[in-house]
Each structure stands twice: as structure tokens, then as C-alpha cells.
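Working notes for the structure below.
Laboratory data are not the source of any read-out in this text; all were calculated from the coordinates shown. Worth saying up front: this structure is predicted, and the values here are computed from it rather than measured. For neighbour counting, all protein chains shown are included, and Cβ atoms are generated from backbone atoms with ideal geometry for every residue, glycine included.
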Amino acid sequence: MQRDGSDQPSGPSFAPPVKRSVTIAGHQTAISLEPIFWDALRAAAAADNLPINALIARIDVARLAADPAPNLASAIRCWLFDRARDYR
């Protein structure tokens, strides 16, 4: 719900996914995430004093340990959600 009480989505929270190339373990891959998740990922990397590729690589290692392993974009969204929940 918006601040004005309407139920219509608005703003960057509802922007479509943006595809970006990242390098993980020396390999390039493309990841599609909504801008709000790219922003959160950059902020998390900065807070952890890591390059964004290094943070994505850490998330990738954790996701590959899951059975079944989710796709990387889903793993990133879930990781960010868990991080946000932990910081409340």
C-alpha cells in the first residue's frame, strides 16, 4: 500500500529486472535482479567491505550447498531478505 493509502504499485520498488554481468570464480555470468535488489546488494557488499563480485561468489557457494540449489538470482534475493531480517 502506498503512503497515500492507494493499492497501486509505484516507484523503483516495482521496476523490472535489470541484467548485469558479474565474474564469479573467474567465470562471467549474467544475473537479472530488480534495481532494489541491486541497490541492497551493493550496500551489503560495502557494509562488508567486499567487492560485489566477491559477495555474490559467497552467496553462490552457499546456494550450491543447498539441496536442491536455487538459481543464483533467487539465492541472492533470499540472502538479502535474511540479512535485512537479521538487522531488524
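Data table
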| quantity | calculated |
| --- | --- |
| Entry for P(r) over Cα pairs in 5 Å bins from 0, in percent (calculated from the structure that is shown) out of [x] 3, 13, 21, 23, 19, 10, 6, 4, 1, 0; [y] 3, 13, 19, 14, 11, 10, 9, 8, 6, 4, 2, 1, 0; [z] 3, 10, 8, 11, 12, 13, 13, 12, 9, 6, 3, 0 | [x] |
| 0 to 90° range, to nearest 10: angle between helix 72-86 axis and the chain longest Cα axis | 70 |
| Contour minus Cα-Cα distance for residue 27 and residue 71 (0.36 nm per residue) | 14.2 nm |
| CD proxy at 222 nm, helix term only [per DSSP H run n ≥ 4: -39500 (n - 2.57); per residue of the chain; nearest 500] | -15000 deg cm²/dmol |
| Protection proxy ranking of 71-79, 28-36 - average other beta-carbon atoms within 10 Å, highest first | 71-79, 28-36 |
| Cα gyration tensor shape of the range 42-88, rounded if a/c is under 1.5, else prolate or oblate by comparing a/b with b/c | oblate |
